[in-house]
Amino acid sequence: MRLTSSLLAVLAALSTLPAAAQEGLEIVGKPEQGKMGFQPAATELARDLQWLDGMINVIIIAIVLFVTALLALAAVRYNRRANATPAKFTHNSPLEIAWTIIPIVILVFIGAFSLPILFKQQEIPEGDINIKVTGYQWYWGYEYTDHEFAFDSYMIGSPATGGDNRLTPEVEEQLVEAGYSRDEFLLATDTAVVVPVGKTVVMTVTGADVIHSWTIPAFGVKQDAVPGRLAQLWFEAEKEGVYFGQCSELCGQAHAYMPITVKVVSEEAYQQWLDGAIEDYAGTPRARQVAAAE
């Protein structure tokens, strides 16, 4: 079920759900102008990935320095002037064994740490919250399958919200009304994924037209949305706040204008938002679900 542009305009004007979910939230995960490195890790997966990246970089730097030193030594000690009569040997068995075994040991060492992290990403746990994500040209659709409601998420300033993908005074006003600033242009969306802190969220990702990719860098998750296929990712956010991502596959001319907004809120705020979302998007009320389970 997808909302029409006119209904989205009405929701944007009312702005009850975004305001309720945004109130008091810190913007944690977003790119910073002129900065390098990772966004603050907000999940165990992101911490693991950032630690693995740092560890592998140490190994890479050590290898580069070692090889550079060997090249410098060879250039100085064995150039034509310093070593006019070169040796005639062609093999050195101990050296050849060493440069075969040492890389194997390094790769095994890296694998001993990277494979568990990979398995942790790919072994999908049972979700407290289940969301289906569909990538469209050029926006995202979300379905909270536990409660059977869905909504579309457009970039603030996109044609669907009355803009033309440019930062204008009108777009800046929309951003402020939604609780953002002009700095969040190209990142903020009119509706957002809202999840509670400390809960396992499982997202089933697919594409409706071409390949897209759903990612939140601060969560350490990225999954291609392939038409005709279902893939999954999971995360458990540890800190309340607003987190941004963007489509990470080149999906067409408006690829740069399909951002992702996730709001991590307290359990109480989430339940409050959920009741409003079920009512607004015609989902299954929680009371009815409990009665059906009994």
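Readers should treat all values here as calculations from the given coordinates under stated rules, not as data from a laboratory. No experiment lies behind these values; they were computed from the predicted model shown. Backbone-built Cβ (ideal geometry, glycine too); neighbour counts: all protein chains shown.
Brief remarks on what is shown
- Ordering Val265, Gly135, Cys247 by Cα displacement along the dipole of the chain toward the positive end leaves Cys247 in first place; charges were set at the Cβ atoms of Lys, Arg (+1) and Asp, Glu (-1).
- Per-residue Cβ neighbour counts within 10 Å put Arg81, Arg182 in the sequence Arg81, Arg182, beginning with the fewest.
- Against the empirical 2.2 N^0.38 Å (N residues), region 113-184 has a Cα radius of gyration ratio of 1.57.
- In the chain, lysine pairs with alpha-carbon atoms under 18 angstrom apart (chain gap of 8 or more, or interchain): 12
- Counted by neighbouring Cβ atoms within 10 Å, the residues Ile131, Ile102 run from fewest to most as Ile102, Ile131.
- Estimated vicinal HN-Hα couplings, Hz - region 113-128 in sequence order (Karplus 6.51, -1.76, 1.60; Gly, Pro = x): 9, 6, 5, x, 5, 4, 5, 4, 5, 8, 8, 7, x, 6, x, 6
- Size of electric dipole in region 44-122: Cβ of Lys, Arg +1 and of Asp, Glu -1, about Cα centre, debye, nearest 20: 520
- In a simple Cβ point-charge model (Lys, Arg +1; Asp, Glu -1; nothing else charged), region 197-294 has a dipole of about 220 debye relative to its Cα centre.
- Ordering Phe66, Leu95, Tyr78 by Cα displacement along the dipole of region 44-122 toward the positive end leaves Tyr78 in first place; charges were set at the Cβ atoms of Lys, Arg (+1) and Asp, Glu (-1).
- Dividing the helix sum by the residues of the chain, where each DSSP H run of 4 or more adds -39500 (n - 2.57), gives a mean residue ellipticity at 222 nm of -12500 deg cm²/dmol.
- Region 44-122 shape via C-alpha gyration tensor axes, a/c threshold 1.5: oblate
- Gyration tensor (alpha-carbon) shape descriptor, region 52-91, a/c threshold 1.5: oblate
- Equivalent ellipsoid dimensions for the chain as semi-axes, Å, which come from the Cα gyration tensor, largest first: 49, 23, 17
- Taking the number of Cβ atoms within 10 Å of each Cβ as an exposure proxy, the fewest-first ranking of Phe38, Phe151 is Phe38, Phe151.
- Full-extension gain in nm, Lys222 to Glu268, via 0.36 nm per residue minus C-alpha separation: 13.8 nm
- Counting all C-alpha pairs of region 131-262, share separated by more than 26 Å (%): 18
- Estimated dipole of the chain in Debye, rounded to 20 [Cβ of Lys and Arg +1, of Asp and Glu -1, Cα centre]: 2060
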